[in-house]
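Working notes, beginning with the structure itself.
The values are calculated or read from the model by the stated rules, or taken from the named source; none is laboratory data. Bear in mind the structure is a predicted one, so any value in this text is a computation, not a measurement. Here Cβ is always computed from backbone atoms with ideal geometry, including for glycine, and neighbour counts include all displayed protein chains. Just the protein is used for accessible areas: all its heavy atoms, side chains included, with ligands, DNA and RNA removed. Shrake-Rupley method; radii C 1.70, N 1.55, O 1.52, S 1.80 Å.
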Amino acid sequence: MRILLSFLFLSLALAGRASAEPTDSVKTDTIDPNKPVFTTIMEVPITSIKNQNRSGTCWDYSTLAFFEAELLKSKNKEYDLSEVFVTNKNYMDRAIMKVRMHGDAQFSQGGSAYDVLYVLKTYGICPEDAMALPGAMIGDTLNNFNEFFDVMTPYVDAVAKTSAKKLTPAWRSGLQGIIDAYLGKVPENFKYEGKTYTPLEFANSLGLNWDDYYSFTSYTHHPFYTEFPLEIQDNWRQATSWNVTMDELASIIDYALDKGYTIAWGGDVSDDGFTRDGLAMLVDVKAVQDNEGSDMAKWLKLTAGERKKKLQKLGVNVPELTPSQEKRQEEYDNWELTDDHGMLIYGKAKDQNGRIYYMVKNSWGKTGEYKGIWYMSKNFIVGKAMDILVNKNGVPREILKKLRVKN
């Protein structure tokens, strides 16, 4: 019996060893050296991931996420502010602007970080549950602006191009009715934690100083250290941004994060290097072509999907360009650098190769490899930024001095 048991134990041990060796070998062979392995360097607390769904409201979601993070820092308290409050007020204002311009202005779903700041200062804000939730007015659980804008846009166009000699107030009431039907009415007052507020009273109770928030950009067609309204269609309020060098723009982002502040980032995500799976790189297409043994003509014949697949396959080993001031300006002037999307920068990380990334909160729900978070390389963030919004206390003093702004 003892001999038999010894034989059985020996047989099991040998079998276990035999089965373990190929398994380890398979694991080693299947490790993808291109797959990102991120190590977090630092991160600032943020509120939960939201979903803008089928609405062009990234500017709204990203900027309210920015102010929610400001409140986490200043009050150590989590707020869920209402995105539909902002869109209700902003779309009415934008329609009024188009009518005032007799139609010679754009009316669209888009907007800017300043639009949110303006609404907070001028009209106030309410918590998420003080208004109809996104999508609730159309029997959904999330926004879908397709029908909404199909109804609203012709209405605004008709008023803006009317042959009438004089407009009556009726058009504004009619448009507000459309907006309220799809988004819900803005409350005159509401209760929050047992106290009644108007939206403006609630915004003021948050304790944020709206004058503490500065927008920055970086272009050479205006002098550095001056303010100018960025020439993009969604900057319809003509809000100004401070113009700094590209290197200073990068230093503001790093300094703000180090001081515990987030950054509202607006920029271009139409580039091939921005994936839908949570990664963004400033791809050096020529280097990729050289590695693939192909030329530009062959690369351009590929569909956008095929190009993205090739880049995704390379993962963190995609060769990157180094952004430059001259390239940023050239792409802006040639319409290559466009105002596509707003997101929230809240942390830094590095991959297994030591490359630095910013951790960025998106507003597409918990999608992608990282459940709603994007890892965007420093080169991409700086090279593709249109503008940023940041608390002035997150700006290096030497830069503020150049702007002649009091700390």
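Among residues of the range 153-170 being under 37 Å from the mean Cα position of the chain (by Cα) and of a type in the set (D, E, K, R), the one that is most open to solvent (accessible area, probe 1.4 Å) is 161.
Scan the range 179-200 for residues that are over 28 Å from the mean Cα position of the chain (by Cα) and not in a loop (DSSP other than H, G, I, E, B) and the total you get is 6. Among what's in the range 336-386 and is under 23 Å from residue 33 (Cα atoms), under 14 Å from the mean Cα position of the chain (by Cα) and not hydrophobic (A, V, I, L, M, F, W, C), pick the residue that is least open to solvent (accessible area, probe 1.4 Å). Residue satisfying both the conditions and the ranking: 358.
Suppose the filter is modelled with pLDDT under 95, β-branched (Val, Ile, Thr), out of contact with any Pro (no Cβ under 7 Å at 6 or more places or on another chain) and farther than 30 Å from residue 142 by Cα; does residue 395 pass it? Here the answer is no, as residue 395 does not meet what is asked. Scanning the range 141-152 for residues that are surrounded by fewer than 17 Cβ atoms within 10 Å (Cβ to Cβ) and outside any helix (DSSP H, G or I) yields 141, 142, 144. Scanning the range 105-140 for residues that are of a type in the set (Val, Ile, Thr), open to solvent by 10 Å² or more (accessible area, probe 1.4 Å) and in contact with a strand residue (DSSP E or B) (Cβ under 8 Å, 6 or more places away or on another chain) yields one hit, 138.
Restricted to the range 258-271, and to residues that are crowded, with 18+ Cβ neighbours inside 10 Å and not β-branched (Val, Ile, Thr), which residue is nearest to residue 313 (Cα to Cα)? Spell out how you get there, then give the answer.
In the first step, residues of the range 258-271 are kept if they are crowded, with 18+ Cβ neighbours inside 10 Å; the result is 261-269, 271.
Subsequent filtering for residues that are not β-branched (Val, Ile, Thr) retains 261, 264-268, 271.
Numbers: 261: 34, 264: 30, 265: 27, 266: 27, 267: 25, 268: 22, 271: 16 Å.
The residue in question is 271.
Taking every residue in the range 310-326 that is modelled with pLDDT of 90 or more and pairing it with any residue that is open to solvent by 30 Å² or more (accessible area, probe 1.4 Å) and in a helix (DSSP H, G or I), at least 6 positions away or on another chain, the pairs with Cβ-Cβ distances below 8 Å are 319/291; 320/379; 321/327; 321/379; 322/379; 323/379. Of the residues that sit in the range 17-59 and are open to solvent by 70 Å² or more (accessible area, probe 1.4 Å), assigned to a loop (DSSP other than H, G, I, E, B) and farther than 22 Å from residue 253 by Cβ, which one is modelled with the lowest pLDDT? Checking each candidate, the answer is 31.
Considering the conditions (1) open to solvent by less than 60 Å² (accessible area, probe 1.4 Å); (2) touching a residue at least 40 places away in the same chain (Cβ under 8 Å); (3) over 17 Å from residue 342 (Cβ atoms), residue 62 is excluded by exactly one of them, (3). Collect the residues in the range 201-247 that are in a helix (DSSP H, G or I), crowded, with 21+ Cβ neighbours inside 10 Å and of a type in the set (Gly, Ala, Ser), keeping them in residue-number order. The one that is in a helix (DSSP H, G or I), crowded, with 21+ Cβ neighbours inside 10 Å and of a type in the set (Gly, Ala, Ser): 203. Among residues of the range 97-114 that are free of Cβ contacts under 8 Å to residues at least 24 places away in the same chain, those with a beta-carbon under 9 Å from a residue that is hydrophobic (A, V, I, L, M, F, W, C) and part of a helix (DSSP H, G or I) at least six positions away or on a different chain give the pairs 100/160; 104/160.
Suppose the filter is among the hydrophobic types (A, V, I, L, M, F, W, C), under 27 Å from residue 51 (Cβ atoms) and either touching a Ser or Thr at 6+ places or on another chain (Cβ under 7 Å) or outside any helix (DSSP H, G or I) (or both); does residue 133 pass it? Spelling it out, residue 133 is indeed among the hydrophobic types (A, V, I, L, M, F, W, C), under 27 Å from residue 51 (Cβ atoms) and either touching a Ser or Thr at 6+ places or on another chain (Cβ under 7 Å) or outside any helix (DSSP H, G or I) (or both).
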